[in-house]
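The values are calculated or read from the model by the stated rules, or taken from the named source; none is laboratory data. In this text, all values refer to a predicted model and were calculated from it rather than measured experimentally. Every residue, glycine among them, receives a Cβ derived from its backbone with ideal geometry; neighbour counts consider all protein chains shown.
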Amino acid sequence: MNAVETISIFEKWWLEIEPMVQANTLNFWQFLYKEIYLNVIKDDRWLQYLKGMGVTLQVSLYAILVGLMLGTLLAILRLPQIQTMSAKGRGFFPNLGVFLVKCLSKLAGGYINIMRGTPLLLQVLIINFGIFGSIRIDKVIVGVIACGLNSAAYVAEIVRGGIMSVEKGQTEAGRSLGLSGVRTMFFIILPQAAKSALPAMCNEFISLIKETSILSYIALTELTKAGDYIRSRTYSAFTPYIVSGLLYLIVVLSLTWVIGKLERRLRNSDH
Amino acid sequence: MTTDIIISVKGLQKHFDDGKLKALQGVDAEIKRGEVVVVIGPSGSGKSTFLRCLNLLETPTKGTVSVEGVDITNPRVNINKHREKMGMVFQHFNLFPHMSILKNMTLAPMKLLKKTKAEAEEKAMGLLKRVGLADRANAYPSQLSGGQKQRIAIVRALCMEPQVMLFDEPTSALDPEMVGEVLDVMKQLALEGMTMVVVTHEMGFAREVADRVIFMDEGKIVEEGTPEQIFTNPQQQRTKDFLNKVL
């Protein structure tokens, strides 16, 4: 009696249809249950999806942060103000500073072109096998670096567009009060740029979350790889991927909802 | 301090597009402390460019601008320090839309004059009361009318306790019924002895408030004098033509 009691309802249903699986006489609902049982319930496989989703979320979050910070820096370096900057007649060190910043600006341009012009998969492979090939390092970190560096190039263009959409008069007002260029950028321009860049930024975050699936190539067990592992055990061609897909959808739709809310709040606060 | 000259401009030239457009072609001018100077002239005469060169929002191509004896066109001069002393009011107000009115006014004093939040807000509220907008302190710029925005822009500049106020066509973007409220604030400011340089098309204001009127055309000062001289007895033909058109 005890043995029967510890068996879950899912197991019981499974035992009921198991003979028919062999005989291949399942009706549609029984087939559906077989798929769910094998790919989600059996051996607590649902936990593997959740673990994979955890890894995907972790990589995405850190990659977004890396992308945002590096991308904003790249965007600022690519601004026309930087490219026409001059310290003529101010002595050696200011001139050296301007020279270095202009070099960085050129490098930033090259960086953006290369990162946007080559496939993410290639970048992931180079970073994993090339750069970290001989170092033992957590694949999550490799993933964060690869996706973050890639995303930075796209974020840079989005932020640059946002900054350029802020009227010139805002900069002039800030500067005429005596605020330095850096402070004007930080307190006046960037907050307004962030607002107008938000929809495009949301797009970029969504892309990034889904692009982390490429990390399954370097055997990082994120959400796609988790589904793939389960397929290799159960030989179900659809169900594991569909479960993974549904989980991606939940993540992306939640993010869309949060950003939509943020957008509405920003819209209410001004304009 | 017999001749206390606060701004001195010498041989000022400003070219745009690599010299294709010569906005200023050699301007000499002096602004004395406490003086209200109104700059008039047709559009494209260079009067706005002249004003914007005074705080180096435009970098002059040639010539010097000295503020309190310091040549601010010298690249070694810290222009930010000088801009703190020169408030500017723009045609399109340029309030910061993402900040409340109070924040608009306290940002620069807190960052630059190292005022505490309380000190900066006290000063701001005092100024808001003077222009009758104290009740809008927590509103955002988008919730204000054009005239209100421009009055806020003026007091935002005043929060930095400037020595000079520069006005770049402050009433040109306003609906006619709002021009008066802005000009009233400016008149009040002039009466309090503020040094002001005003680029405007408001001839009434020039006549009533200016100590000196400068008429500019084609990047040069054509004529200058008291409002009396310029408006009732202009010497130059171009001045006469212009005034005939606008008066």
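Some notes on this structure:
- Any hit, the stretch A:156-167, residues being more than 30 Å from A:Leu125 (Cα to Cα), small (Gly, Ala, Ser), out of contact with any Gly (no Cβ under 9 Å at 6 or more places or on another chain) and within 9 Å of another protein chain (Cβ to nearest Cβ): no
- Some residue of the stretch B:49-60 being within 15 Å of the chain's Cα centre (by Cα), part of a loop (DSSP other than H, G, I, E, B) and free of Cβ contacts under 8 Å to residues at least 40 places away in the same chain: yes
- Scanning the stretch B:142-174 for residues that are more than 18 Å from B:Val198 (Cβ to Cβ), within 9 Å of chain A (Cβ to nearest Cβ) and assigned to a helix (DSSP H, G or I) turns up B:Ser142, B:Gln143.
- Of all the listed residues (B:Asn104, B:Asn80, B:Asn74), the sole one being among the polar types (S, T, N, Q), part of a helix (DSSP H, G or I) and surrounded by fewer than 20 Cβ atoms within 10 Å (Cβ to Cβ) is B:Asn80.
- From the list B:Ala173, B:Ala118, B:Ala124, the lone residue that is of a type in the set (Gly, Ala, Ser), more than 18 Å from the chain's Cα centre (by Cα) and surrounded by fewer than 21 Cβ atoms within 10 Å (Cβ to Cβ) is B:Ala118.
- Candidates are the residues of the stretch B:78-98 that are more than 7 Å from chain A (Cβ to nearest Cβ) and hydrophobic (A, V, I, L, M, F, W, C); the one that is farthest from B:Phe167 (Cα to Cα) is B:Ile79.
- One residue from B:Val77, B:Val70 being at pLDDT below 95, out of contact with any strand residue (DSSP E or B) (no Cβ under 9 Å at 6 or more places or on another chain) and under 30 Å from A:Gly91 (Cα atoms): B:Val70
- Hey, A:Thr25 out of contact with any Cys (no Cβ under 8 Å at 6 or more places or on another chain), part of a loop (DSSP other than H, G, I, E, B) and of a type in the set (S, T, N, Q) or not: yes
- Being more than 10 Å from chain B (Cβ to nearest Cβ) and farther than 17 Å from A:Ile82 by Cβ is a property that A:Lys225 has.
- Residue identified as outside any helix (DSSP H, G or I), surrounded by 19 or more Cβ atoms within 10 Å (Cβ to Cβ) and either on the phi > 0 side of the Ramachandran plot or away from chain B (no Cβ under 14 Å) (or both) among A:Gly148, A:Gly178, A:Gly143, A:Gly133: A:Gly178
- Taking every residue in the stretch B:192-214 that is among the hydroxyl-bearing types (Ser, Thr, Tyr) and pairing it with any residue that is buried (at least 16 other Cβ atoms within 10 Å of the Cβ) and assigned to a helix (DSSP H, G or I), at least 6 positions away or on another chain, the pairs with Cβ-Cβ distances below 8 Å are B:Thr200/B:Ala206.
- Residue that is farthest from A:Ile76 (Cα to Cα) [pool: residues in the stretch A:95-125 that are at pLDDT 95 or above and β-branched (Val, Ile, Thr)]: A:Val124
- Lone unmet requirement of (1) touching a Ser or Thr at 6+ places or on another chain (Cβ under 8 Å); (2) outside any strand (DSSP E or B); (3) touching a residue at least 60 places away in the same chain (Cβ under 8 Å) for B:Met88: (2)
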